[in-house]
Each structure stands twice: as structure tokens, then as C-alpha cells.
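S.K.: Below are the C-alpha cells for one structure; questions will follow.
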Amino acid sequence: MKVLIDCDPGHDDAFAIIVASQFSEIVGVTTVSGNAPLTLTTKNARVVLDLCGSSAPLHSGAARPLVAEPIHAAYIHGESGIDGAILPEPSRLADGTDAAHFIIDTVRATPDLWLVALGPLTNIALALRAAPDIAQRVAGISIMGGGRFGNRTATSEFNIWCDPEAASAVFDSGAKIVMSGLDLTHQLIADPKRIETVRSAHTTLGPLLAGLLEFFGSSYMARHDDFLGAPLHDVCAVLALTHPQLFIWKDAHVVVEIDGTHTRGMTVIDDRHVRDGNTTNVRVLETIDADAAFEIIVDAVHACPSNG
Ligand code: RIB
Ligand code: CA
């Protein structure tokens, strides 16, 4: 399984990269403005690639959405974008600053490549705009985003809400899409018991990653009265490819609202069973075996190289 990960690290992005590094071949990583400004998501991606021992090429991309003003999520991820631990300085710089063309070139050169989109879809949309052929060349796009309810607003999930124009272009592109929406990702909660399994999974990384999860969880519990920890949203988009047996899914027609006063950034999932309904364009993941998924996450942490 070859993947190119587009991300905005981001606590859950970090865990998604760690899982992908152990259970897939990461042929490239691109970064986008989202949880934090592009400079920080790029620095954080450099750090996380070091932590999991990956030398995958890294290219930064869009510093702002296609149309909307850039808005970040320090209220969840902290000012650095990945607060909660003392992280090492990155060992290397990014390899480039044109994520969209890196995505185009890599898709065209790599058969059976999956794109894994873990942040706002700006880079993916720019790549599709410049090279529509990649929609059919890519094996598919596994997206963390959307859902039947929102988090940034009542209807809209952060990744989609940040750049609805980009998301709409991606969902309408004709590419095969697998969607991990909030109704799925909220089933994968890093609760205190699971955080302790992460802490003990690796002598050096364990305590660091547990600290990240504690911070991430504290943000959620400060903001919501019905969470026991943070959802590991982005990990679902990787596991959907590496461990599909964990999921139950349905195919549906999904579009992104870009004009609604109260619904801009909503993924409109057509659950109707009507004969003259829309054709399905998205595989919508509905349930995950969370216990089995977390065991895989812990295995991935354990398998990371020791850094002294
Ligand atoms: O809404 C959750 C998504 O927004 C995740 O990708 C998280 O990392 C943030 O980017
Ligand atoms: Ca993310």
C-alpha cells in the first residue's frame, strides 16, 4: 500500500503518520494550513517524520484556502499546533514548497497510489485543478473530513469548513473517495486507559506521545461535556487503507455545501433509498472496531525506532 499523506499536524495527524509509517509505504508528505499556520504544520510534520524514522520527501503547500480566509485551531491543538510535549528540533528542512505539483508528479509516477487527506483539501484541489487526469490515475483519496454533524459548526467539520470550495472540487472530481467523517472518528477516543498503553509502548516515544494525547484530550474535555478524551480522527483515514477489516461502510452520494449561511462546509450525505437518486461517489465509513484499531496504533508506536 503506497500512500502520499497531505496533512496539517496536528496531534491526530501525527498518530496517522506514525501508523502509516509502520503499515504502509509513505512515498511523500505534503503540508497545508489548517490546525496551525503552514510554517508550523510543516515544522511539525518534519518532527513527526523524524520520530517515526521516515525519510519520505516532504513538500509544503497552501498557506491559505482557495477562497476563505485562513483560520486555525489553536483552541484544540495549541499555539504550536501540537502542544503537550517537549519535541525535538527537526533534523531536516522540507524538500520543496509546491505541494500541488509534487502531488501531480508523484501520482503520475506511482501506480496504485492512494492520497490520504488529513487537513483542509486545498493542496488536493489545486493539484486536481492543474491536472484533472490525476482523478483517474490515483487509486483513490482517503479523506478525514465531514460527517453527518460538525465540530467547527453544528453542521461542518473543520477540514471541510476551512476550505469548502476545495472540498467541493475534490468530492466532485470523479476520484474514488473513502470518507472518515466525525460520526466515525468519534468512535476512536484516546481515553486515559488507552493513553497509558501508548505511554508504555516505547521507552522514549511513549511518554512524549502520551503527553500529546493528554493535551489533545484536555482540549476536547474543556470544550465538550461528553468526551473522555480526544478522537484520533486522522488515524481512521490511514486505517481505512491499511486495515479495512476494521470498518463497516456504505456507498453514498456526497456533496459539499459552499453557500449556506448556517451550513457552509457541510457534507450533504444522501442516505435515501430512491430509484432516481444520485449516483454514489463516496465510500462512507460508518463504524470502526475501536479496540482493535487502538491495538494497531500501539503496535505502530512500539515499532518506531528508538532515538537514543
Ligand atoms: O475535525 C478534525 C480534523 O481537523 C482533523 O484532521 C484534525 O487534525 C483537524 O485538522
Ligand atoms: Ca488533520
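S.K.: With a cut-off of 8 Å between alpha carbons and a minimum separation of six or more residues, what is the relative contact order of segment 209-308 in percent?
M.R.: Contact order relative to length: 22 percent.
S.K.: Another question about this same structure. Explain nothing, just compute: Karplus ³J(HN,Hα) = 6.51 cos²θ - 1.76 cosθ + 1.60, θ = phi - 60°, for every residue of segment 213-223 in order, whole Hz, x for Gly and Pro.
M.R.: Running phi through 6.51 cos²θ - 1.76 cosθ + 1.60 with θ = phi - 60° gives 5, 5, 5, 4, x, 5, 5, 5, 6, 6, 9 Hz.
S.K.: Can you check what the Kirkwood hydrodynamic radius comes to for the chain, Cα pairs only, in Å to one decimal?
M.R.: 18.9
S.K.: Over segment 1-65, calculate the relative contact order: mean separation of alpha carbon pairs under 8 Å at least 6 apart, over the residue count, as a percent.
M.R.: Normalised by residue count, the contact order of segment 1-65 is 38 percent.
S.K.: What is the percent of Cα-Cα separations in segment 194-308 that go past 22 Å?
M.R.: 53
S.K.: May I ask which residue of 207, 263, 246 lies farthest towards the positive end of the charge dipole of the chain, with charges of +1 (Lys, Arg) and -1 (Asp, Glu) on Cβ and the Cα centre as origin?
M.R.: 246
S.K.: Given only helices, namely DSSP H runs of n ≥ 4 each adding -39500 (n - 2.57), what is the per-residue ellipticity at 222 nm of the chain, to the nearest 500 deg cm²/dmol?
M.R.: Rounded to the nearest 500, it is -11500 deg cm²/dmol.
S.K.: Could you work out which residue, out of 109, 167, 73, moves most in a Gaussian network model of the chain, that is, has the largest mean-square fluctuation with Cα springs under 10 Å?
M.R.: 109
S.K.: What list of ³J(HN,Hα) couplings, whole Hz, do you get for segment 177-193 from phi and the Karplus terms 6.51, -1.76, 1.60, once you set θ to phi - 60° and write x for glycine and proline?
M.R.: 3J(HN,Hα) across segment 177-193, in whole Hz: 10, 10, 10, 9, x, 4, 5, 8, 5, 6, 8, 10, 9, 7, 7, x, 5.
S.K.: Moving to a separate point now. Quick one: among 222, 63, 166, which has the greatest mean-square fluctuation in a GNM of the chain with alpha-carbon springs under 10 angstrom?
M.R.: 222
S.K.: Mind jotting down the three principal axis lengths of segment 55-125 based on Cα atoms? Whole angstrom, largest first.
M.R.: 38, 34, 20
S.K.: Within segment 1-108, list the trypsin sites (Lys or Arg not before Pro) lying in a DSSP loop whose Cβ has at most 13 other Cβ atoms in a 10 Å radius.
M.R.: Filter output for segment 1-108: 92.
S.K.: To check you understand DSSP bridge types, tell me what percent of the beta bridges within the chain (both residues inside) are antiparallel, rounded to 5.
M.R.: 35
S.K.: Connecting C-alpha atoms closer than 10 Å in a GNM of the chain, tell me which of 101, 253, 224 has the biggest fluctuation.
M.R.: Taking springs between Cα atoms under 10 Å, the residue moving most is 224.
S.K.: Continuing with the same structure: Among DSSP beta bridges lying fully in segment 1-70, give the percent that are antiparallel, nearest 5.
M.R.: 0
S.K.: Please compute the volume of the convex hull spanned by the alpha-carbon atoms of segment 261-308 and report it per residue in Å³.
M.R.: Hull volume over Cα atoms, normalised by residue count, gives 193 Å³.
S.K.: What is the magnitude of the charge dipole of the chain about its Cα centre, with +1 placed on the Cβ of each Lys and Arg, -1 on the Cβ of each Asp and Glu, and no other charges, expressed in debye to the nearest 20?
M.R.: The dipole magnitude comes to about 340 debye.
S.K.: Rounded to the nearest 20 Debye, what is the dipole magnitude of segment 75-232 about its Cα centre when Lys and Arg each give +1 and Asp and Glu each give -1 at the C-beta?
M.R.: 280
S.K.: Related question: How high is the relative contact order of segment 32-78, given as a whole-number percent (alpha carbon pairs under 8 Å, six or more residues apart)?
M.R.: Once normalised by length, the contact order is 54 percent.
S.K.: Further question on the same structure: What full-extension length gain, to one decimal in nm, is calculated for residue 221 and residue 295 as 0.36 nm per residue of separation minus the Cα-Cα distance?
M.R.: That pair, residue 221 and residue 295, stretches by 24.3 nm at full extension.
S.K.: Just tell me which lysines come within less than 26 Å, Cα to Cα, of residue 250; anything on the same chain fewer than 8 places away is out.
M.R.: 2, 176
Rule-based calculations on the coordinates, nothing more; no lab input. Owing to the predicted nature of the structure, the values given are computational and were not obtained by experimental measurement. Cβ coordinates were reconstructed from backbone atoms using ideal geometry, including for glycine residues, and neighbour counts include every protein chain displayed.
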